[in-house]
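Following: one structure in structure tokens, then a few remarks.
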Ligand SMILES: [Cu+2]
């Protein structure tokens with residue numbers, strides 16, 4: 001074998017060794033971390049731990065309570081099992097909103113059987129009202145009274161809700177007790193809920209501290 005032949009063989013060995021090292025490096029960098037990140041995301045969604053929970057202090061006691069990730073506490077009084085919902089038809093953004101949300105984005109979570117006290121303020125040019133409905137349909141139509149049973153009416157009545165609300169700058173209040181279940185809150189004025197003015201209330205025995213989530 002001449003010198004050129006030896007050189008070619010050496011080059012082949014060196015090149016092969018380099019490629020094996022390169023592939024092993026890429027395999028470790030690209031493949032190894034993926035399952036770890038994936039698991040971390042799943043754990044974050046499924047469990048509440050100290051690192052992703054929000055610690056809050058209630059308005060009436062000094063009890064610290066952990067909430068699900070992304071949740072914000074609602075004001076409440078655990079002594080008389082009351083939660084306060086401050087709801088605003090906001091003047092910023094699109095007109096058919098509650099606290100800037102629409103179409104079921106805003107979810108209130110309350111302990112089953114607690115009393116809900118609603119303070120509903122209208123900042124919007126159009127008249128609006130606030131209803132809590134035991135709904136029997138998936139999404140609201142033009143007349144929400146046809147979509148279930150009205151349990152609470154603020155700024156209107158259970159019979160005049162289609163065209164009676166409060167004007168801009170006014171606040172109306174109402175209260176009711178909600179057994180375990182899933183409800184809508186919605187503006188009852190004809191077509192307003194269908195245009196987006198509704199959200200969800202979850203009353204559950206698994207909720208101990210009232211909170212809300214916006215999806
Ligand atoms: Cu309305």
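Only the coordinates and a few stated rules stand behind these numbers; no lab work does. Keep in mind that this is a model prediction, so the values were computed, not measured. Positions of Cβ are generated from backbone atoms using ideal geometry, with glycine treated the same way; all protein chains shown enter the neighbour counts.
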Item to complete: Quick one: order 88, 116 by neighbouring beta-carbon count within 10 Å, fewest to most.
Response: 88, 116
Discussion item. Can you give me the distance in nm between label points at residue 146 and residue 12, each placed 7 Å from the Cα along the Cα-to-Cβ direction?
Written reply: 8.3
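Rg to Rh for the stretch 99-158: what is it, with Cα atoms only and Rh by Kirkwood?
0.94
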Fill in: Gain upon complete extension [residue 175, residue 66; 0.36 nm per residue less C-alpha separation]
36.6 nm
Worksheet item: How high is the FRET efficiency from residue 136 to residue 77, r the C-beta distance, R0 35 Å, rounded to 0.05?
Response: 0.65
Item to complete: Let me have the relative contact order for the stretch 54-214, percent, based on Cα pairs under 8 Å that are six or more residues apart.
Response: 30
Discussion item. Rounded to the nearest 5, what % of DSSP beta bridges with both residues in the stretch 109-215 are antiparallel?
Written reply: 90
Response to the item:
From fewest to most C-beta neighbours within 10 Å, the residues 72, 127 line up as 72, 127
Worksheet item: Which percent of Cα pairs goes in each bin when the distances of the stretch 97-215 are cut into 10 angstrom slices starting at zero?
Response: 15, 50, 32, 4
Worksheet, complete the sentence: If the chain between residue 123 and residue 206 were fully extended at 0.36 nm per residue, the gain over the current Cα-Cα distance would be 26.5 nm
